[in-house]
1. When you look at A:Leu376, is it free of Cβ contacts under 8 Å to residues at least 40 places away in the same chain, part of a helix (DSSP H, G or I) and closer than 24 Å to B:Pro112 by Cα, yes or no?
2. Would you check which residues across segment A:8-37 are surrounded by fewer than 18 Cβ atoms within 10 Å (Cβ to Cβ) and closer than 30 Å to A:Glu144 by Cβ and list them?
3. Residues in segment A:436-459: is at least one surrounded by fewer than 18 Cβ atoms within 10 Å (Cβ to Cβ), within 14 Å of chain B (Cβ to nearest Cβ), at pLDDT below 85 and not in a helix (DSSP H, G or I)?
4. With a cut-off of at least 1 residues that are within 22 Å of A:Leu225 (Cβ to Cβ), name the helices (runs of 4 or more DSSP H) lying wholly within segment A:30-111.
5. Here is a list of conditions, (1) surrounded by fewer than 21 Cβ atoms within 10 Å (Cβ to Cβ); (2) closer than 28 Å to A:His65 by Cβ, and A:Leu97 meets all of them except one; can you say which number that is?
6. More than 7 Å from every other protein chain (Cβ to nearest Cβ) and crowded, with 20+ Cβ neighbours inside 10 Å, is that true of B:Ile70?
7. Would you pick out the residues in segment B:72-99 that are farther than 22 Å from B:Tyr109 by Cα and in contact with an Asp or Glu (Cβ under 8 Å, 6 or more places away or on another chain)?
8. Taking only segment A:208-228 into account, find how many residues are among the aromatic types (Phe, Trp, Tyr) and modelled with pLDDT under 90.
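The values are calculated or read from the model by the stated rules, or taken from the named source; none is laboratory data. Keep in mind that this is a model prediction, so the values were computed, not measured. Glycine gets a Cβ as well: all are built from the backbone with ideal geometry, and neighbour counts include every protein chain shown.
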Amino acid sequence: MVAEIGFGSLFITLLFSIFGIGAAIYGAQNKNQAWISSAKNAMQLVFPLLTISVISLLYLLVNNHFEVAYVHNVTSTTMPTYLKMTALWGGQAGSLLFWSWLLAAFTSAVTLRKWDRDQDLLPWVIVVNLITLAFFLILNIFYENPFNMIWQEASGGYLFSFNQPLGTRQIFPIEGTGLNPLLRHPGMIIHPPMQYLGFVGFIIPFSFAIATLITRRTDDRWIQLSRGWTLWAWLFLSLGLILGARWAYDVLGWGGYWGWDPVENSAFMPWLSGTAYIHAVLIKEKRGMFKQLTMVLSILTYLLVIFGTFITRSGLLSSVHSFAQSKIGPVFLIFISMTIIISVWLLSSRWNALRSKQVIRSFFSKEGLIIISVVLFLGLLVTVFWGVLFPIISELVIGQKVTVGPPFYERVAAPIFGGLLILMVLCPLAIWTFMSYKNLGKLLWKPFIISLIGVALPLYGGLTKWSALIAFWLVAFVLAVNAFEIAKRIRVRRNTESESWWSSFSRVVKRNRRSLSAMIVHISMVLMALGIVGIEFFQTETQGTLAEGDRLNLAPYSMVYQNLDVFDPQDGRIVARAVVQVEKDGRVVGELYPRKDVYIDSNQPVTVPGVRSTLLDDFYVILVDWKPVTSEGATFKVYHNPLVQWLWIGTYVFVGGVIFATWPEKKKNEVN
Amino acid sequence: MKRDMKTWLGIFILILLIVLSIPVVGYAQGSDPTDDDVNTVAKQLYCPVCENIPLDACGTAACEQWRGIIYDKLKEGWTEDQIKDYFVAQYGDRVLAEPPKQGFNWLVYLVPLLVFTGGGFLLYRGFNRWKESAPTTKEGKEILKKEDPSMDKYIERIENELKKRSEGSK
């Protein structure tokens with residue numbers, strides 16, 4: 001009964017979406033406000049309707065309804081309730097429903113704003129959002145239905161369908177196969193919702209952009225309307241990426257956080273275009289330039305969201321053959337092709353109307369430097385896109401699949417990240433419209449001198465690797481420039497307004513929200529860069545098989561294997577937990593407990609590292625899961641990861657910066 | 001002095017020998033390679049079954065078997081390159097972390113290069129064109145200034161202040 005309610009609600013949502021699309025188009029064509037209002041009401045209803053579907057599936061998951069194929073595939077009786085709930089996005093059908101539900105939340109929320117000034121945009125915003133939603137609902141209803149039951153044929157084979165196929169009988173398994181053990185980590189529980197929120201969030205700016213193109217408006221209103229949505233989407237997508245990195249660091253057991261895996265890259269690509277968009281919008285708002293570029297980037301980000309979802313869901317990454325066999329692959333391809341054709345047609349037909357009058361007058365002006373950063377982001381985007389696509393093209397053209405792995409991406413990404421750090425040094429000091437390199441140079445020399453500490457300290461510590469020294473210097477330079485810039489603004493304010501230091505500080509913070517939040521985000525980026533430099537340049541590792549009491553050295557650390565405990569925590573796992581004593585520079589600094597959890601239902605092992613984290617370094621110990629683990633001998637792989645904590649610290653600063661940027665301003669400012 | 005020269009010559013020859021020996025490092029036949037020796041080779045290889053997971057981090061039975069092969073080959077005195085060639089001959093180019101630079105594979109390396117060259121060229125042309133089309137007369141500049149949304153009062157004040165400061169430091 002609950003499955004029927006869930007599926008019925010899904011189907012009704014699709015009907016409402018189709019009605020909303022039709023009503024909005026009819027209302028816009030005939031300037032009939034009643035039809036547009038009706039479409040708006042339909043769009044408001046999709047979220048509560050899909051909530052019924054989601055609650056139904058959650059009920060089935062939590063209450064072990066294994067007669068539902070999806071529930072059978074992703075849960076088992078031994079799983080705790082919170083994991084059964086997160087199994088909602090643990091498989092293809094459920095995650096598509098979750099995707100649609102979050103999209104419906106954004107879609108319904110966008111109708112709640114005041115549309116008085118933008119009545120002409122409203123119907124087309126409805127159309128774009130509901131078409132996207134309807135597409136995902138079609139996938140859920142006709143191809144990946146999370147409410148499908150399990151049916152057994154007379155021959156003994158199984159069928160999965162919502163309605164009973166002829167000659168079959170329904171079966172009611174008493175146990176499920178359980179959630180993939182790798183997805184039971186806290187990072188993986190939060191990572192997909194963040195990622196999806198980021199993905200669906202970018203659909204709102206896209207809908208404003210397309211509505212603007214359809215209505216032939218050439219003003220900046222769509223950018224103002226979508227600013228908050230864009231920043232929140234960008235925040236969520238960034239968090240999704242970082243949480244994914246943290247999950248990889250904690251669970252995958254290779255001591256790293258980013259493997260340039262095609263699935264990671266699929267989420268990274270919309271982030272790159274979204275970041276380029278956010279930067280281009282700054283120029284658009286301040287100088288009225290690059291209308292065409294901002295429009296292209298908004299559309300591109302949406303397309304990359306759909307493309308990323310497409311290649312990870314369609315089996316295309318495994319091989320072209322599994323794509324051809326995939327149920328949803330061809331449908332996705334049609335949708336994405338149609339979106340590209342319509343978007344390109346709209347853009348090309350309005351291209352001349354989107355030309356800007358303003359021009360860049362100076363290479364070193366803020367807009368000049370920002371546009372270089374946009375080009376760098378796009379360059380990296382094209383490289384990543386090409387790297388993801390090349391194995392598929394190679395398989396199609398010459399019949400041989402190749403791996404495009406980390407060395408390819410790192411060779412391109414490292415100089416680009418270096419270039420972006422240089423721009424982070426220059427941008428805060430540059431001014432809009434005109435700036436000569438001489439003036440910029442004069443503002444740079446003081447922070448430059450301070451930044452040399454970033455070279456001197458590592459040199460003093462014995463570091464001689466020039467590439468790492470340059471990286472540390474750039475990080476120090478960005479920090480110094482931002483600190484100088486904030487201090488300068490406070491001083492200027494204090495001198496001109498004769499205020500106290502505190503008063504000047506609070507006024508500067510209040511009145512420069514955008515530029516200060518940009519500075520905070522840039523500072524967070526260099527903190528993350530510090531972590532990346534640490535692990536990329538200085539990570540060391542070793543592996544060895546030890547008997548109890550044996551020692552494994554990895555300078556400046558050393559570990560002693562003390563004992564091993566194997567126990568059953570009564571939650572579907574058998575845990576083998578080692579105790580190792582950690583010493584640093586000959587002094588005992590603590591104990592670590594690397595584990596190997598074997599999940600009984602799937603017989604799949606998961607290695608859980610023991611990590612000693614400080615601001616300076618991580619000592620990361622894993623029990624190698626393909627070697628036997630006993631008291632007589634266990635194989636440990638040990639990593640020394642300098643500075644990696646700064647990667648995670650930078651995340652907190654980043655979140656603070658973006659929230660500061662999106663925090664609603666006072667009404668007075670809105671009127672201004 | 002002559003003795004010094006001989007010492008330096010000896011050191012030079014020693015360094016030369018070490019440097020020349022680097023590309024052909026192998027393992028003396030019969031010696032036992034360590035786990036680290038095996039992992040150094042394994043992390044440069046990808047098994048065709050476990051997509052995108054380097055061999056040193058993959059826990060499947062197939063990958064364990066591959067590491068066993070690497071161990072045996074190292075013990076027989078094979079070099080890293082010989083071992084990689086062996087796996088390529090068995091399973092194709094996809095076992096390598098990136099495509100070998102030959103034939104159709106050149107495309108994967110050339111496209112980013114072309115993109116960055118093209119992007120750089122477009123930027124260069126754009127900056128030149130923008131510079132040329134910028135108004136040169138005082139009236140033209142004033143008109144643009146009025147249209148320019150960057151010229152709000154507060155920012156203008158800060159920018160003037162910054163200009164004064166930079167002029168003052170001349």
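1. no
2. Within segment A:8-37, A:Gly8, A:Phe11, A:Ile12, A:Leu15, A:Ile18, A:Phe19, A:Gly22, A:Ile25 qualify.
3. Looking through segment A:436-459, at least one residue is surrounded by fewer than 18 Cβ atoms within 10 Å (Cβ to Cβ), within 14 Å of chain B (Cβ to nearest Cβ), at pLDDT below 85 and not in a helix (DSSP H, G or I).
4. The qualifying helices (runs of 4 or more DSSP H) are A:33-62, A:92-111.
5. Unmet condition: (1).
6. So B:Ile70 fits the description; yes.
7. Once the filter is applied, which keeps residues that are farther than 22 Å from B:Tyr109 by Cα and in contact with an Asp or Glu (Cβ under 8 Å, 6 or more places away or on another chain), segment B:72-99 yields B:Leu74, B:Lys75.
8. Counting residues in segment A:208-228 that are among the aromatic types (Phe, Trp, Tyr) and modelled with pLDDT under 90 gives 1.
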